[in-house]
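Bear in mind these aren't lab numbers, they're just calculated from the coordinates by the rules spelled out. Everything quoted here is computed from the prediction, not taken from an experiment. Cβ placement follows ideal geometry from the backbone for every residue including glycine, while neighbour counts extend to all protein chains displayed.
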Amino acid sequence: MAIGYLQVQAQTAEDAIPLEGVLVRVLDDEGNTLYRLTTDESGETQTVTLETVDRSFSQNPDFMGTPYAGYGIIAEAEGFQPLAITEIPIYDGETARMPLSLVPLQEPRTRQTTPNTTIGRPAVAMQGQREQEGSSADPRVLRQVVIPDPITVHLGAPNASAANVRVPFLDYVKNVASSEIYPTWPNASIAANVYAIMTFALNRVYTEWYRSRGYDFDITNSTAYDQYYVPNRPIYDSISAVVDEVYGEYVRRQGQNAPYFTSFCNGTTSTCSGLSQWGTVSLANRGYSPLQILRSYYPDDIELAETNIVTNEISSYPGTALRQGSTGLDVQTIQTYLNRIRRNYPAIPAITDPAGTFGESTRAAVAKFQSIFNLTPDGIVGRSTWNKLSSIYTAVTKLADLSSEGTTLGIGTVPPGSVLRQGSRGQDVVTLQYLLNVISEYYPGVPAPSQDGIFGNGTRQSVIAFQNAMQLTPDGTVGPLTWQKLYDIYLGIEQNVPMPGPDTGAISYTVQPGDSLWLIAQRYGTTVSAIKQANGLTSDILQIGQVLKIPVSQEPYVNYTVQAGDTLWTLAQRYGTTVEAIKQANGLTGNLLRIGQVLRIPVG
């Protein structure tokens, strides 16, 4: 009997928080418990072996049976809704990594019915005809090809009443590839399909195919219109490795910038003018490269291009992979990311290399991060690892900012008595927008509105999505029932989610033009020698962009003199706090600053 492998990974808040101690039962197709597993501090279980079907069946387009074995899991954790998933495909020789996004229970606690998700067969085994429509021309809707991170996916046909979910683009591509094809296929075949999947999604974004038609999403998971995305599905190592290798590349015609409309179908029960998924297998077996396979189905003048532009990325990929021996500001950036992420994921080892030097401890931290987040654990920071580091760093810092902001706002336990609707303004709208921002971290179907104190259309759409998720009347008006449900969900998150503790004793600071060790020491109420000792410095020379660890006292504020180019937002990012916290500490009513102005900055 053939053997496959399964590992479960439990996280919450867009992967910002790993969940330790989750009980996972692995079941056979008759409901019998095969394993009882418990997640560790990174939210991971051990990898277990499961019997399955010989891999040759999933490589044969004429085989009419099921070329894998299906298993189920039930996951339970104190303070979270239990989750059941059935028909998880396990393939011969393949490791399936099962990501679980658990949702906190409401307050007062109500143990809800266990949601059941069925994974089932991939799209290549489905019978339905694909009717993908799109543009292969260069419409110049967007000026540049941009990786949407996250991408917004509609879980149904375009006109269907279904939820939208926001998914990191790297995770989206891996999910769709694992949902579309068999992971046992040859490497060149998987790569050709990944190029088609990634380019198809980039084409939808570049042409604004759905948004220009009035929809509030980028793509659907309907196989009739787009490509298959299945929430909570396993990702297979063979597919994950290919995506890591080619991530950020896309198909275009020579002389054009637009991603080519890479339509596809299985090529057996469904035929089309685009790529044949099963056809890629036979071509790969004949020795074709991924590009040769693509040119067999699309025009001969197609080529592979690369985009470096990612929405919501705080620091752009430098274009060259970073590895042991690399030096410079880009290395400092990933060290800063890893040191902050390590607070939430303590299994990532501490970095002891000098700032900006990619030594053995940096390599070990990168490799552990890659292992936790289903990346090839080679210790090299390529595009996919860089983007995942950026995504997780953004998630953990945003969560910390929201937690700090909640304390500042003084949310309390009793909802406001006001009724809010589009056009409302004021403090209660600020409270509403804050609650929705927090809840959006745990409910991907609820978009986060801007926190501006104005109840505009974005806030209304967020309210409607929340009401739909909670089975309330989706009227976009916040009355007593909606207020109470918002507070129940928010207080449940506060009570049940294990938040990491704050940093103690030091903060990170990025050196600015004109800085010296003496000025920084004065600004933070510490000494030059303490800063040098904390950073292993042997001289007083600093570099612009250098990241320093600054020992701080227990005083929660530092004094800062406004410099040219400073804004409240840049100061909040630099000091790990929020715009609202700075304004409150200084009695500011607007966002304008003047050079030379002295501010009290709450230290994050």
Check your understanding: Dividing the convex hull volume of the Cα atoms of the stretch 71-222 by its residue count, what figure in Å³ per residue is obtained?
Key -> 157 Å³
Exercise for review: Taking the Cβ of residue 295 as the centre, find all other residues whose Cβ is under 10 Å away and add up their charges (Lys, Arg: +1; Asp, Glu: -1).
Suggested key: -3
Check your understanding: Given 0.36 nm per residue, what is the gain on full extension from residue 471 to residue 144 after removing their alpha carbon distance, in nm?
Key -> 113.8 nm
Review point. So how strong a dipole does the stretch 329-403 carry about its Cα centre when Lys and Arg Cβ are +1 and Asp and Glu Cβ are -1, to the nearest 20 debye?
Key: 220 debye
Check your understanding: What value, in deg cm²/dmol to 500, does the helix sum -39500 (n - 2.57) over DSSP H runs of n ≥ 4 give at 222 nm once divided by the residues of the chain?
Key -> -10000 deg cm²/dmol
Point to revise | Farthest positive-ward along the chain dipole, Cα basis, beta-carbon charges - from 209, 34, 426 | key: 426
Practice item. Could you tell me which of 287, 6, 322 has its Cα farthest along the dipole of the chain towards the positive end, charges placed at Cβ (Lys, Arg +1; Asp, Glu -1), taken about the Cα centre? Key: 322
Exercise for review: Give me the net charge of residue 455's neighbourhood, meaning all other residues with Cβ under 15 Å from the Cβ of residue 455; Lys, Arg count +1, Asp, Glu -1.
Suggested key: 0
Review point. Separation between the residue 268 and residue 161 pseudo-spin-labels, each 7 Å from Cα along Cα→Cβ, expressed in nm?
Key: 3.8 nm
Study note, to complete from the structure: Honestly the stretch 144-195 on the Cα gyration tensor test (a ≥ b ≥ c root eigenvalues; a/c under 1.5 rounded, otherwise a/b vs b/c for prolate or oblate) is just oblate
Exercise for review: Enter the Cα centre distance for the pair the stretch 26-48 and the stretch 396-415, rounded to the nearest angstrom.
Suggested key: 35 Å
Review point. So if R0 is 35 Å, what FRET efficiency would residue 533 and residue 413 give, r being the distance between their Cβ atoms, rounded to the nearest 0.05?
Key: 0.20
Review point. What span do the alpha-carbon atoms of the stretch 245-341 cover on each of the three principal axes, reported in whole Å from largest to smallest?
Key: 50, 29, 22
Practice item. Scan the chain and report its longest stretch carrying no trypsin sites (Lys or Arg not before Pro) that are both in a DSSP loop and have at most 16 other Cβ atoms within 10 Å. Key: 422-593
Practice item. Could you calculate the contour length gain from residue 591 to residue 510, that is, 0.36 nm times the residue separation minus the distance between their Cα atoms, to one decimal place in nm? Key: 26.9 nm
Review point. Can you give the translational diffusion coefficient of the stretch 125-306 in µm²/s, computed by Stokes-Einstein from the Kirkwood radius over Cα pairs at 20 °C and 1.002 mPa s?
Key: 132 µm²/s
Review point. Residues of the stretch 204-230 with amide nitrogen under 20 Å from the 7 Å Cα-to-Cβ point of residue 129?
Key: 222-228
Exercise for review: Towards the positive end of the charge dipole of the chain, with charges on Cβ (+1 Lys, Arg; -1 Asp, Glu), say which of 576, 243, 79 has the farthest Cα.
Suggested key: 576
Practice item. Evaluate the charge dipole of the stretch 410-496 about its Cα centre and quote only its size in Debye, nearest 20, assuming +1 on the Cβ of each Lys and Arg and -1 on the Cβ of each Asp and Glu. Key: 200 debye
Study note, to complete from the structure: Around residue 30 (Cβ within 15 Å, Cβ-to-Cβ, excluding residue 30; K/R +1, D/E -1) the net charge comes to -3
**Study point:** Simple label model, 7 Å out from Cα along Cβ direction - residue 187 to residue 40, nm
**Key:** 2.8 nm
Study note, to complete from the structure: Note to self: C-alpha centroids of the stretch 68-130 and the stretch 284-336 sit apart, in Å, by 31 Å
Practice item. Could you size up the charge dipole of the chain around its Cα centre, putting +1 on the beta carbon of Lys and Arg and -1 on that of Asp and Glu, and report it in debye to the nearest 20? Key: 1180 debye
Point to revise | Cα→Cβ-extended label distance, 7 Å offset, between residue 213 and residue 398, nm | key: 2.7 nm
Practice item. Write out the GluC sites (Glu not before Pro) in the stretch 1-105 meeting two conditions: DSSP loop, and at most 16 other Cβ atoms within 10 Å of their Cβ. Key: 20, 30, 41, 78
**Study point:** Fully extended contour minus Cα-Cα distance, from residue 306 to residue 48, at 0.36 nm per residue
**Key:** 89.1 nm
Exercise for review: Ratio to report: Rg/Rh of the chain, with Cα atoms as the point set and Rh obtained by the Kirkwood method; give two decimals.
Suggested key: 0.97
